[in-house]
Every structure is written in C-alpha cells, then in structure tokens.
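Below is one structure, written out as structure tokens; comments come after it.
The values are calculated or read from the model by the stated rules, or taken from the named source; none is laboratory data. This is a predicted model, so every value here is computed, not measured. We place every Cβ from the backbone using ideal geometry, glycine too, and count neighbours over all the protein chains shown. Surface accessibility is based on the protein's heavy atoms, side chains included, excluding ligands, DNA and RNA. Shrake-Rupley method; radii C 1.70, N 1.55, O 1.52, S 1.80 Å.
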Amino acid sequence: MARPFNFSAGPAAMPAEVLQQAADEMLDWRGSGMSVMEMSHRGKEFSAIIETAEADLRELLAVPAEFRILFMQGGGLAENAIVPLNLSRGGKVDFVITGSWSEKSIKEAARYARPVLAASNVDSGHTTLPAPTSWNLSADAQYVHICSNETIHGIELQELPDLKALGSNAPLVIDFSSHVASRPVDWSRVGLAFGGAQKNLGPAGVTLVVVREELLGHALPVCPSAFDYKTVAANASMYNTPPTFSIYMAGLTFQWLKRQTEGGLSGVAAMEQRNIAKASLLYDFLDGSALYFNKVASDCRSRMNIPFFLRDEALNDAFLAGAKGAGLLQLKGHKSVGGMRASIYNAMPLEGVQALVQYMRDFEKTRA
Ligand code: PMP
C-alpha cells in the first residue's frame, strides 16, 4: 500500500523502511525478549544501540574527534536556554536574526546573558540574508548564534560564515534543527551545533548537540546539572535516563542514511544531491507559475522548507483539500506567515515533489 506524501515541517515524515523495521522489532528487539521501550538504558542491549547511533552519526556528519556528540532532551527551544547557560559566562553574545527561530533564541538568551543584535533581516520581512561581511560582530562576544535554516521563513545559509575572517574569535553556534544531515557541515567553522530530531533524524524527544570539547566546563552555577554539557558528556548522554526509543529510531534512520546512494555518492553527500534536485524542481515550478510564488531571495532559499503562496488566497482551502485528496499531506503554511509550506526533508523522495508539482500544475489549470 502506497503511503501518502507528507510535507509536515516537523514532526515530519520518516523513511517507510525505518518505520517498518521498528514495527518488526517492536515486541522483541533482536531476540532480547523486550521492546526497546522496556529496556534499562544501562543494559548491554541499549548500550549497543546508543553507541552504534553515535558512531554512525559521527561518520555520517564527519564530526571531527575534538567534538562531543550529546543526545539530550528539551528540543531546540530548551537549547535556546541551555546554550547561554553553558557558553555565555553571563557575558555578551552576538545574534544574527534571520527569522522566527533566531528571534526566539535571542529572547531566551537575554535571561542568562547579554545578547547583542549583530544583523537582522526583519526589514525585508525575513526574506533575505544579511551578508556576513555586514554583520556587526562584538570584539568580546562569548559566541555568535545563527539559525542555519529558518524552518518557518524558508531561509537557509548556503555556507557557514568564517567568523575568524570576519574578525571575531568567538565560537559559532548554529541551530541546525531543520537541515541537519541534509548537507555536509563545515565543522572548522563551528563551535556548537544543536537540533531537535523530529525533522531529519527521527521522532521528537531527542535533541542532538555537537560541541567542541574545549567549550565544556563553563556552565553558570544556575545551570541544571542535567543540562550541563560537561556532565552530559562525562556520562555519555546517560546522566539522566535518555529518550531511549527516540534514540533507537534515530539510530535506524542513521543506518538508512548510510545506505542511501546518489550519483556515486553515499550518506549525507547523496542526500545533498537528492535535496538539490528536489528543491530545484519545486522552486523552478514556483518561479514559472502565474498562480504560486515564493518570496525568499534566490541566494538563501531553503532546500528543506519551501513556503509559497497562491496569488488568490481565496483558493487556499480548495488547494489544501485537493492536495489531501491527491495524497499530499500537511501543506498548510505556518500560522505566522500563512499560505503554504512544503517541507521536503531527507525522507521525502523526488517522486513526492514530482507528485506535488503535478498536482499544483493541474490545480492551476483548472482555475485559469
Ligand atoms: N529551531 C528550529 C530551526 C526549529 O525548526 C524548531 C522547531 N520547529 C525549533 C528550533 C524548536 O524545536 P522544539 O520544538 O523541538 O523545541
């Protein structure tokens, strides 16, 4: 039975193969007589699951040895507090505002640190990306925060900034929640990266943090122990009970990612090729259409989240109802921007985007 194509921004579609494998293993994980949900996190079975997941992720994202990989809880929004609690030392931190998620981050950081606005695209309605050379970076910032893919506004940095070249010695913090594992990461430019799993890595419940070892050990005294990166790292993400089932599902997704190939490439490099093809197909269609349009400047359009609008908004409900009937789910835009949004993460095959474009073309014809 073919499943519908699901364009949710997150929690988002997962590879059917991964869901099937989890279903097969649900009652008895590999002869253990237990579901993964029923296992002690300190037993040998779960230890193997989390160690394999971490090693696979390190390989997939090519994470260098000087970084620790942490599996935490609380999602991206909790990290908006946990990052300043751990890295700010209560001092100055620079923020680049590119959309709703970085706006939330700067507000939360103000509770623990002194955030400074280095650049913002608010004047363009979050449709452009301020050039890094125009960022007003502080000489004494503890870190610089950016959201490398703004899920709601559909803005993605095509290259991470080289802060050193811009005159800053601060580590770069990236919120990569909504495009992690969709493209390679240039770790030489990163101090810390965080992201919730529920878009590209697995189900909600686990938050990935990849942090340079040298940044650990400076948490503010008020930082909860369970959120002190040093404590989490020292306990191999098991200081408190980790979200075991979410980690297991993410681990199955990492193995699925490792099996993917495209044009002679594998893993994340293969996904990147596929994601470029998917996004180009949809943007090219939008740009050539008389009915639909996307507002984002072409140099910073997201490959993962593509917001678009119908020139006649009165057609929105009919568009969504027809899409659902055609097996194209969860296309409604975020309430703060309206319109539509197609989130096309790793688990969305090219065929899903082709089916969407076909539906949009047919819908446009019937309304012409
Ligand atoms: N950052 C980004 C870029 C996101 O897309 C989201 C979720 N949509 C969050 C942070 C917040 O994540 P959570 O709801 O897991 O806290």
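Laid out as a table, the results:
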{"quantity": "Candidate set: segment 24-53, residues that are open to solvent by 60 Å² or more (accessible area, probe 1.4 Å) and among the hydrophobic types (A, V, I, L, M, F, W, C); chosen: the one farthest from Ala204 (Cα to Cα)", "calculated": "Leu27"}
{"quantity": "Criterion (more than 30 Å from Ala326 (Cα to Cα), away from the ligand (no atom under 16 Å from the Cβ) and in the same structural domain as Ile174 (by TED's automatic domain parsing)) met by exactly one of Gly33, Gly74", "calculated": "Gly33"}
{"quantity": "Single match in Ala62, Ala81, Ala9, Ala2 (criterion: closer than 18 Å to Lys199 by Cβ and either touching a residue at least 24 places away in the same chain (Cβ under 8 Å) or open to solvent by less than 10 Å² (accessible area, probe 1.4 Å) (or both))", "calculated": "Ala9"}
{"quantity": "Segment 181-220, residues that are more than 11 Å from the ligand (Cβ to nearest atom) and polar (S, T, N, Q)", "calculated": "Ser182, Ser188"}
{"quantity": "Scan of segment 161-174 for residues that are open to solvent by 10 Å² or more (accessible area, probe 1.4 Å) and either within 15 Å of the ligand (Cβ to nearest atom) or among the charged types (D, E, K, R) (or both), ordered by number", "calculated": "Asp162, Lys164"}
{"quantity": "Subset of segment 336-367 that is under 19 Å from Thr253 (Cβ atoms) and part of a helix (DSSP H, G or I) - its residue that is least open to solvent (accessible area, probe 1.4 Å)", "calculated": "Gly352"}
{"quantity": "Residue that is in a loop (DSSP other than H, G, I, E, B) and touching a helix residue (DSSP H, G or I) at 6+ places or on another chain (Cβ under 8 Å), where the choices are Tyr248, Tyr239", "calculated": "Tyr239"}
{"quantity": "Residue match in segment 321-328 (condition: without any contact (Cβ under 8 Å) to a residue 60 or more places away in the chain, in a loop (DSSP other than H, G, I, E, B) and not assigned by TED's automatic domain parsing to the domain that holds Thr151)", "calculated": "yes"}
{"quantity": "Enumeration of residues in segment 261-288 that are touching a strand residue (DSSP E or B) at 6+ places or on another chain (Cβ under 9 Å) and touching a residue at least 60 places away in the same chain (Cβ under 8 Å)", "calculated": "Gly267, Ala269, Met271, Glu272, Arg274, Ala277, Ala279, Leu282, Phe285"}
{"quantity": "Filter result for the condition that a residue is aromatic (Phe, Trp, Tyr) and surrounded by 23 or more Cβ atoms within 10 Å (Cβ to Cβ), over Phe67, Phe71", "calculated": "Phe71"}
{"quantity": "Scan of segment 82-100 for residues that are of a type outside the set (Gly, Ala, Ser) and either closer than 17 Å to Leu160 by Cα or assigned by TED's automatic domain parsing to the domain that holds Ile306 (or both), ordered by number", "calculated": "Asp94, Phe95, Val96, Ile97, Thr98"}
{"quantity": "Pair list, Cβ under 6 Å, 6 or more apart: segment 20-37 residue aromatic (Phe, Trp, Tyr), other residue exposed (fewer than 15 other Cβ atoms within 10 Å of the Cβ)", "calculated": "none"}
{"quantity": "Criterion violated by Ser178 - all others in (1) more than 30 Å from Trp256 (Cβ to Cβ); (2) within 11 Å of the ligand (Cβ to nearest atom); (3) hydroxyl-bearing (Ser, Thr, Tyr) satisfied", "calculated": "(1)"}
{"quantity": "The lone exception for Thr231 - which of (1) in contact with a Ser or Thr (Cβ under 9 Å, 6 or more places away or on another chain); (2) part of a loop (DSSP other than H, G, I, E, B); (3) buried (at least 16 other Cβ atoms within 10 Å of the Cβ) it fails", "calculated": "(2)"}
{"quantity": "Flag if Ser177 is open to solvent by less than 10 Å² (accessible area, probe 1.4 Å) and touching a residue at least 24 places away in the same chain (Cβ under 8 Å)", "calculated": "no"}
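Residue-wise test of (1) open to solvent by 10 Å² or more (accessible area, probe 1.4 Å); (2) within 21 Å of Leu77 (Cβ to Cβ); (3) within 16 Å of the ligand (Cβ to nearest atom); (4) outside the structural domain of Val93 (by TED's automatic domain parsing).
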| residue | (1), (2), (3), (4) |
| --- | --- |
| Ala110 | yes, yes, no, no |
| Thr133 | yes, no, no, no |
| Asn136 | yes, no, no, no |
| Tyr143 | no, yes, no, no |
